[in-house]
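The next block holds one structure in the form of structure tokens; read it before the comments.
The values are calculated or read from the model by the stated rules, or taken from the named source; none is laboratory data. Since this is a predicted model, take the numbers as computed values, not measurements. Using ideal geometry, Cβ is built from the backbone for each residue, glycine included, and neighbour counts are taken over all protein chains shown.
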Amino acid sequence: MKILLTGGSGFIGSNFVRFVLRERPGYQVINLDALTYSGNPENLADIESDERYRFVHGDIRDIDRVAELIEEADAVVHMAAESHVDRSIMDARPFVESNALGTQTVIDALRRANPKLTKRLVHVSTDEVYGTLPLDKPEVKFTEDTPLQPNSPYAASKTASDLFVRAAFHTFGMDVCITRCSNNFGPYQFPEKVIPLFVTNLIEGKKVPLYGDGRNVRDWLHVEDHCEAVLAVLEKGSAGEVYNIGGNNERSNLELTHSILQAMNCGEEKIEYVKDRLGHDLRYAIDASKIERELGWRPTRSAWPGALEATVKWYVDNPQWWQRVRSGAYRTYYEKQYGNA
Ligand code: NAD
Ligand code: TYD
């Protein structure tokens, strides 16, 4: 199996490459990534010389490039996206471009390069397409049938991409699956997302900016559990189906912050309550019973405190990684490896 992975130099993508090459020694991965601010080739420095892996610098909106790579591959796992809600609030345009237009371009390239439509597309989406849940009804969770009611520009752009993928199935009979997962955590996450941001702030002696009252709830999924689920959908999922992926691990942001403070031996005084995010979704919670029932997947690496402590330790042990990410210095590394593209 040769997989064309889009967005493989980002957080989840780089973990996916490592996971696939470890768990499926016979597979190959081509990683197509535009190396935006969050794409970092250093995330895969240890894999570069592995002959089962190839990096291609390019944009998913370049249909010729995507089609060329699809001709070589057996399937596409599509992760490339603008991924940060706060950035989408500041400027939604790149989200429309990469997430909506980019996904439609991947679909068009698949039709062009794969006229018999035998090659599968796994579209990696998010639980944020469902909108938000109330805090006072813990029994209510997102199922695959929950209406799509995105609230942020990021979520709206991901919803658009999901709907184009859905339309490709219904209109052309393309072999597509959609996954919708909850908040991921683990190594190599860009330090703008809450966990690496808080840990690296604390290492640097700074405070952690907690939005609003900290009551918002997220369901935390270890990135390797997510990678395993995406691989299961690629190998065993049914065409046209949506699969929710969750960690069974709901925490308020205040609980999360306390756990991080504890793991870092810091006190409450490090919390700085700041102005709430605009339109801040209250609660995400995933009912992942479909993927468990149909594909036999369930999370085994996401349980806290162990999984969170191991993640905190990774950032503590790898200061050179996040310091270079924060300063943008990894771009020099890229230029040395691949030329000044
Ligand atoms: P990330 O920002 O770390 O990585 C995104 C990658 O996509 C980067 O390497 C970037 O260079 C690349 N990219 C962006 N636009 C591109 C384009 N036009 N062409 C080619 N490459 C491009 O994001 P992530 O956290 O790894 O998320 C990966 C996917 O998973 C996204 O689709 C995201 O919506 C989804 N997701 C993430 C989470 C999470 O908690 N991180 C949760 C649910 C779903
Ligand atoms: P984030 O990591 O941005 O993921 P998402 O918005 O996709 O869920 O944020 C996770 C939660 O943490 C979210 O409820 C917003 C909150 N948050 C803060 O309180 N402070 C911060 O500085 C950030 C980045 C997030």
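All but one of (1) more than 9 Å from ligand 1 (Cβ to nearest atom); (2) of a type outside the set (A, V, I, L, M, F, W, C); (3) surrounded by fewer than 18 Cβ atoms within 10 Å (Cβ to Cβ); (4) farther than 21 Å from Q320 by Cβ hold for D62; which doesn't? (1) is the only condition that D62 fails.
Quick check on this structure: which one of G186, G214 is more than 15 Å from ligand 1 (Cβ to nearest atom) and modelled with pLDDT of 95 or more?
Details: G186 fails: more than 15 Å from ligand 1 (Cβ to nearest atom).
Sole residue among the options that is more than 15 Å from ligand 1 (Cβ to nearest atom) and modelled with pLDDT of 95 or more: G214.
Within the range 269-278, one or more residues are more than 11 Å from ligand 2 (Cβ to nearest atom) and over 27 Å from V124 (Cβ atoms).
Residues that are acidic (D, E): list the strands (runs of 3 or more DSSP E) wholly contained in the range 2-73 that include at least 1 such residues.
Those strands (runs of 3 or more DSSP E) span 28-33.
Would you check if there is a residue in the range 173-192 being within 21 Å of G102 (Cβ to Cβ) and among the small types (G, A, S)? Among the residues of the range 173-192, not one is within 21 Å of G102 (Cβ to Cβ) and among the small types (G, A, S), which makes the answer no. Just one of the numbered conditions (1) part of a strand (DSSP E or B); (2) within 18 Å of the chain's Cα centre (by Cα) is not true of A160: (1).
With the structure loaded, tell me whether I63 is touching a Ser or Thr at 6+ places or on another chain (Cβ under 9 Å), closer than 24 Å to T118 by Cα and either of a type in the set (S, T, N, Q) or modelled with pLDDT of 95 or more (or both) or whether it fails that test.
Working: touching a Ser or Thr at 6+ places or on another chain (Cβ under 9 Å): yes; closer than 24 Å to T118 by Cα: yes; either of a type in the set (S, T, N, Q) or modelled with pLDDT of 95 or more (or both): yes.
Answer is yes for this residue.
Of all the listed residues (A156, A263), the sole one being within 16 Å of ligand 1 (Cβ to nearest atom) and of a type in the set (A, V, I, L, M) is A156.
Considering the range 79-96, and only residues there that are within 15 Å of ligand 2 (Cβ to nearest atom) and among the β-branched types (V, I, T), the residue that is surrounded by the most Cβ atoms within 10 Å (Cβ to Cβ) turns out to be V85. Among the residues in the range 304-311, are any exposed (fewer than 15 other Cβ atoms within 10 Å of the Cβ), within 14 Å of ligand 2 (Cβ to nearest atom) and touching a residue at least 40 places away in the same chain (Cβ under 8 Å)? No: zero hits. Residues that are among the β-branched types (V, I, T), modelled with pLDDT of 95 or more and within 16 Å of the chain's Cα centre (by Cα) within the range 1-41 comprise T6, I12, V17, V20, listed in sequence order. Quick check, is D33 surrounded by fewer than 21 Cβ atoms within 10 Å (Cβ to Cβ) and under 19 Å from Y188 (Cα atoms)? When the stated conditions are applied, D33 does not pass them.
For S161, are the conditions met, namely being under 21 Å from K119 (Cα atoms), buried (at least 18 other Cβ atoms within 10 Å of the Cβ) and in contact with a helix residue (DSSP H, G or I) (Cβ under 8 Å, 6 or more places away or on another chain)?
Details: under 21 Å from K119 (Cα atoms): yes; buried (at least 18 other Cβ atoms within 10 Å of the Cβ): yes; in contact with a helix residue (DSSP H, G or I) (Cβ under 8 Å, 6 or more places away or on another chain): yes.
Yes.
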